[in-house]
Amino acid sequence: RTTMKSLRFISAEAFVSDTEFARKSLGAVAHDLFPLLFKASYLLEQGEVIHDLVENWPLFDFNMGKLLGATLDYQEDLSHRTCSVCLESCLTGLRDYVLNQSPPYMKKLRVVDLTGIKDVEVQFCKCKKTMGRWARTQLLCKLCSELLVYLQQAQCNPGTFEISINVLIDLFVTERNYDLVVQALLKKCSCPLKICCVAFRSDNLTLQKFFYIIKLTDPSLLHKLEIVHNVHLEMEHLEMLLNSIHFPLLVSLTLPARTFNVRRFTAADEQMLANIGEKMGEMTRLTELNMSFSILTGRIQKLLSPLKTPLKMLDVSNCSLNHADMAFLANSFHANHLEALDLSGHDLPELYPSTFFKLLSHCSSVLRSLTLEDCNIQDTHVNMLILGLSPCQKLQEFKFIGNPLSSQALKHLFTFLCELPMLKNVEFPVPRDCYPIGITYPIDDASLCRYDHQKYERVAEELNLILLQANREDVKASTPLFGSYDAAVQETNNELGAYLIKSFKETLEKFTTSFNKMS
């Protein structure tokens, strides 16, 4: 697919493709052409030109999402290109903007917004080297620290200390970059580049470190908070967090697995849960909530009823919901506003078919993403599922991995899915008839890959042919057996793996010590 370029954009590409000429000529370029030249340089991965454009940026703001997004001159959105060459050039250019010798009155830049960069699985940049969210966090904090050291040691223009640029970024902190990020946040007041954390994700952190750094980020600015892998946040810690810190702008909250476990609840725990619900109710902008892999049986109403703003995204996958929970969701004011819903890990057809379809009908006019993995959806349920999905005309993504469906049932379902006009992404299971007879669902990890691969490939081809014959080449259909792509996990999987091995080793040592004492 070729995207049309305006003559202005073609001229900009010609200008920046001669690196030496472009760098020499920037002083003579009209200020309103800088955004055009920046996008052209980014497309062609002209790192040195990108650096110089940012170092001499003449405008009040620098917004990566807008600069790389669709423009009249070039419709293609480049914000999903996390090209290492381009992004490093941007950030070092920003540092050098502060240090260069231009008179302070010429330096108008006040806001840099890096939050529009999107991390995706497939990269199209020539260098094939990406800079993910963790690495962007690392580099920005490193540059801020270096900048401060340089300013303290060198004879700088006094006006340099008056420069104040807010740098909006989505921080991603793990044990490995924790100290560097803490130092940058502690010295924020002295640094001309002011890190403003809009979204914060933490993995592999002790609770003590998490509580310390979250206060440094200025929580009053946070729009998104993700506490994900290996942060052992339980319900009492969550209550402490929400009692001690105010999040007035928070839109999205992701909690780690097993934050809640109602199976061991006491009367005090019930009160604690109610308090957490009340505190979430005070977050008047909260519209996205991810509580997957917690045990919340019978407590959804207590947690969600205090919310004053309807949720647009809800992930309660593998939360052991019961009929009362599903009935609350189906009848709540959230139902008519849900754009993304994940109910994976619940036996929908057996436990609460009518309430599930009621919920689906209520959110059908706005629903964009539906995930029903490991929900025991069988061939006999497909017609009912089609009936439930028919009104979901805005559905863009449907994921239903791990359901015991035959090849025939999948073909029937795909024929219907072609009729959903906005659909772009489908994640479907390996057909049941590709596995050995007698396989039980949900399939354990050891058996997940033990299927007839040739037969699966034939079925996948037939399913893609159904899409092709319906002129739906725009729909991507795949079977990611071990879960969808997660850019954050992909970027830090070595650290995550090392942490898991360390935890396993410590558990084993404790077990051995206890065993030896018993002996």
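Restricted to region 290-396, the set of helices (runs of 4 or more DSSP H) holding at least 1 residues that are under 25 Å from the mean Cα position of the chain (by Cα), hydrophobic (A, V, I, L, M, F, W, C) and at pLDDT 95 or above comprises 300-304, 323-331, 353-363. Filtering region 234-246 down to residues that are closer than 11 Å to LEU207 by Cα and not hydrophobic (A, V, I, L, M, F, W, C), which residue is least open to solvent (accessible area, probe 1.4 Å)? For region 234-246, the residue satisfying everything is HIS237. In the condition set (1) of a type in the set (Val, Ile, Thr); (2) in a loop (DSSP other than H, G, I, E, B); (3) surrounded by fewer than 15 Cβ atoms within 10 Å (Cβ to Cβ), THR115 is compliant with all but (3).
Residue count for region 345-358 satisfying the condition of being surrounded by 22 or more Cβ atoms within 10 Å (Cβ to Cβ) and either among the polar types (S, T, N, Q) or touching a strand residue (DSSP E or B) at 6+ places or on another chain (Cβ under 8 Å) (or both): 0.
If the condition is being crowded, with 17+ Cβ neighbours inside 10 Å and assigned to a loop (DSSP other than H, G, I, E, B), then region 127-168 contributes MET131, GLY132, ILE163. Selection over region 460-484 of residues that are open to solvent by 90 Å² or more (accessible area, probe 1.4 Å) and either in a loop (DSSP other than H, G, I, E, B) or touching a Pro at 6+ places or on another chain (Cβ under 9 Å) (or both) gives a count of 3. Looking only at region 449-462, residues that are under 20 Å from PHE400 (Cβ atoms) and in contact (Cβ under 8 Å) with a residue 12 or more places away in the chain come to 7 in all. Here GLU457 passes the criteria (1) outside any loop (DSSP other than H, G, I, E, B); (2) open to solvent by 70 Å² or more (accessible area, probe 1.4 Å); (3) in contact with a Lys or Arg (Cβ under 7 Å, 6 or more places away or on another chain) except the one numbered (3).
This table checks each residue for (1) closer than 14 Å to LEU171 by Cβ; (2) open to solvent by 50 Å² or more (accessible area, probe 1.4 Å); (3) not hydroxyl-bearing (Ser, Thr, Tyr).
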position	(1), (2), (3)
LYS194	yes, no, yes
PHE211	no, no, yes
LEU216	yes, no, yes
LEU221	yes, yes, yes
HIS232	no, yes, yes
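Against the list (1) of a type in the set (S, T, N, Q); (2) within 23 Å of the chain's Cα centre (by Cα); (3) modelled with pLDDT under 95, the condition SER102 fails is (2). Can you tell me how many residues in region 410-432 are open to solvent by 10 Å² or more (accessible area, probe 1.4 Å) and part of a helix (DSSP H, G or I)? Residues meeting the conditions: 5. Taking the criterion of being part of a helix (DSSP H, G or I) and without any contact (Cβ under 8 Å) to a residue 60 or more places away in the chain, the residues of region 81-96 that qualify are SER84, VAL85, CYS86, LEU87, GLU88, SER89, CYS90, LEU91, THR92, GLY93, ASP96. Identify, please: which residue in region 78-95 is at pLDDT 95 or above and of a type in the set (D, E, K, R) and is, among those, surrounded by the most Cβ atoms within 10 Å (Cβ to Cβ)? So the residue we want is ARG95. The residue that is surrounded by the fewest Cβ atoms within 10 Å (Cβ to Cβ), among those in region 436-448 that are closer than 15 Å to PRO404 by Cα and within 30 Å of the chain's Cα centre (by Cα), is ASP444.
The values are calculated or read from the model by the stated rules, or taken from the named source; none is laboratory data. Everything numeric in this text was worked out from a predicted model, so none of it was measured. Cβ sites come from the backbone with ideal geometry, for glycine too, and all protein chains shown count toward neighbours. For the accessible areas, the whole protein counts, side chains as well, though only heavy atoms, and no ligand, DNA or RNA atoms are used. Shrake-Rupley method; radii C 1.70, N 1.55, O 1.52, S 1.80 Å.
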